[in-house]
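Since the structure comes first, as structure tokens, the remarks are kept for the end.
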Amino acid sequence: MVTRERRISLAKEISDMVKEMGVDYLASHVGFIPDDEEDPLYKSFLPAMKDFLTHCKKNNQIFCFETGQELPSTLKRTIEDLKMENTGINLDPANLILYGKANPLDAVEIFGKYVKGMHAKDGIWPDKGEVLGKEVPLGEGMVNFPLLLRRLKKLGYKRPVTIEREIGGEEQIRDIKKAIKFLEPFL
């Protein structure tokens, strides 16, 4: 079993490795952060995460929590509890839908200034009994990209919009090309 201590050590090694490549933004899922701030798992998570963020700060890096498994309010509270200025959010609007956690438009309002990265990915809400929704080609799911991008711009977001399509082969290439055409008018 890989312990949290070992995972933090590996994350620090990755931070160091990508620093050598000139990477100053890191983004990742960190597991499932408890919604209850009194949960012992949450209380033990904060110092471990702060240790990693301090390491990233020494490398002049910003770490972004990728959205998905947590409620937006939980993720925002976590960032505020950490009190580290090199922390932000990589907004993956489809993940919020796929995990059934939030409407991405509402999440942008909650996250505000913390959005420092974005994945352009689309999805459909989980059906009854499903644990996870379904990823679909951009523009065919439940993410309202025109409004989402307009709200991000209003917040001052000027960083990249990274198209993500979690399939392979020719279909992935076709979907990415379609996504570029779909997004261009809104960027």
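The values are calculated or read from the model by the stated rules, or taken from the named source; none is laboratory data. Here the structure is a predicted model, which is why all the values come from computation and not from measurement. Cβ atoms come from the backbone with ideal geometry, glycine included; neighbour counts cover every protein chain shown. Only protein heavy atoms, including side chains, enter the accessible area calculation; ligands, DNA and RNA are left aside. Shrake-Rupley method; radii C 1.70, N 1.55, O 1.52, S 1.80 Å.
Would you confirm whether or not the range 174-187 contains a residue that is among the basic types (Lys, Arg), in contact (Cβ under 8 Å) with a residue 24 or more places away in the chain and under 21 Å from Tyr25 (Cβ atoms)? No.
All of (1) open to solvent by 50 Å² or more (accessible area, probe 1.4 Å); (2) among the acidic types (Asp, Glu); (3) in contact with a strand residue (DSSP E or B) (Cβ under 7 Å, 6 or more places away or on another chain) hold for Asp127 with one exception: (3).
Could you say whether any residue in the range 66-73 is touching a Phe, Trp or Tyr at 6+ places or on another chain (Cβ under 9 Å), under 22 Å from Arg165 (Cβ atoms), open to solvent by 10 Å² or more (accessible area, probe 1.4 Å) and at pLDDT below 95?
Yes, the range 66-73 contains a residue that is touching a Phe, Trp or Tyr at 6+ places or on another chain (Cβ under 9 Å), under 22 Å from Arg165 (Cβ atoms), open to solvent by 10 Å² or more (accessible area, probe 1.4 Å) and at pLDDT below 95.
Only residues that are touching a residue at least 12 places away in the same chain (Cβ under 8 Å), small (Gly, Ala, Ser) and out of contact with any Phe, Trp or Tyr (no Cβ under 7 Å at 6 or more places or on another chain) were counted in the range 1-43, giving 4. Annotation note: Cβ proximity below 8 Å between a residue of the range 130-146 that is open to solvent by 30 Å² or more (accessible area, probe 1.4 Å) and a residue that is in a loop (DSSP other than H, G, I, E, B) and charged (D, E, K, R) (sequence gap 6+ or interchain) occurs for Glu135/Lys121; Glu135/Arg165; Glu135/Glu166. Annotation note: of Asp36, Asp24, the sole residue that is surrounded by 12 or more Cβ atoms within 10 Å (Cβ to Cβ) and either within 21 Å of the chain's Cα centre (by Cα) or within 21 Å of Thr67 (Cβ to Cβ) (or both) is Asp24.
Do we find that Ile176 is open to solvent by less than 60 Å² (accessible area, probe 1.4 Å) and part of a loop (DSSP other than H, G, I, E, B) in this structure? Steps first, answer last, please.
On the way: open to solvent by less than 60 Å² (accessible area, probe 1.4 Å): yes; part of a loop (DSSP other than H, G, I, E, B): no.
Considered against the rule, which asks whether it is open to solvent by less than 60 Å² (accessible area, probe 1.4 Å) and part of a loop (DSSP other than H, G, I, E, B), Ile176 comes out as no.
Please go through the range 7-18 and give me each residue that is farther than 17 Å from Asp51 by Cα and open to solvent by 50 Å² or more (accessible area, probe 1.4 Å), ordered by number. The answer is Met17, and nothing else.
Being open to solvent by 20 Å² or more (accessible area, probe 1.4 Å) and either in a helix (DSSP H, G or I) or hydroxyl-bearing (Ser, Thr, Tyr) (or both) is the filter here; which residues of the range 74-118 pass it? Residues satisfying the conditions are Lys76, Arg77, Glu80, Asp81, Tyr99, Leu105, Asp106, Glu109, Ile110, Lys113, Tyr114.
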